[in-house]
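What follows is a short report on a single structure.
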Amino acid sequence: MDDDSVDVSSNLTNSDIDGIYNEEDVEVSDCEGDKKGDPDYNPIEFEWKYDRHFRLSADLAEASRIDMTMEMYVQNLDGVDTLISFRGEKNGGGFRYEALKWRTKFTKPNGINPPATCTFVYCPVQNKLILKKVVK
């Protein structure tokens with residue numbers, strides 16, 4: 001080691017690190033709350049009435065760039081994310097995007113049944129849909 005170099009090795013163990021950081025010190029970010037003061041932040045909020053299909057609106061499809069990924073995470077009321085795949089369907093002069101296996105992957109596991117109405121918010125920062133409310 002020459003005189004200008006610095007020893008960056010650490011003698012900290014995992015138990016030392018655990019003692020430094022407490023779970024209560026971690027701040028969980030809620031996408032919607034983080035950007036409320038930003039005048040350019042316009043979350044896309046919509047209601048979905050239980051139906052056989054779950055399709056993204058044109059503005060949500062454009063904002064999420066679903067045409068590039070063909071999948072998106074959807075967060076349930078408990079904060080658990082589920083990866084949902086989408087397929088494009090021709091619709092007039094453009095496309096619309098339908099969720100695949102929506103009932104088996106999201107509605108049934110989350111106890112959402114007809115005639116429920118669900119409120120979703122799209123979070124552009126995390127590129128996911130967040131379920132905010134279910135009215136049965």
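At a glance:
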| quantity | calculated |
| --- | --- |
| Strands (runs of 3 or more DSSP E) enclosed by the stretch 68-136 - at least 2 residues per element that are among the hydroxyl-bearing types (Ser, Thr, Tyr) and over 15 Å from His53 (Cβ atoms) | 117-123 |
| Selected residue (only one of Thr82, Thr104, Thr69 is of a type in the set (Ser, Thr, Tyr) and surrounded by 14 or more Cβ atoms within 10 Å (Cβ to Cβ)) | Thr82 |
| The stretch 119-136, subset of a type in the set (D, E, K, R) and more than 9 Å from the chain's Cα centre (by Cα), residue surrounded by the most Cβ atoms within 10 Å (Cβ to Cβ) | Lys132 |
| Enumeration of residues in the stretch 47-71 that are under 19 Å from Ile112 (Cα atoms) and aliphatic (A, V, I, L, M) | Leu56 |
| Meets criteria (among the acidic types (Asp, Glu) and either at pLDDT below 60 or within 18 Å of Lys133 (Cβ to Cβ) (or both)) for Asp38 | no |
| Among (1) surrounded by 14 or more Cβ atoms within 10 Å (Cβ to Cβ); (2) farther than 19 Å from Thr69 by Cα; (3) polar (S, T, N, Q), the one test that Asn113 misses | (1) |
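The values are calculated or read from the model by the stated rules, or taken from the named source; none is laboratory data. Just so we're clear, the structure is a prediction, and the values are computed from it rather than from any experiment. Ideal geometry is used to build each Cβ from the backbone, glycine not excepted, and the neighbour counts take in all protein chains shown.
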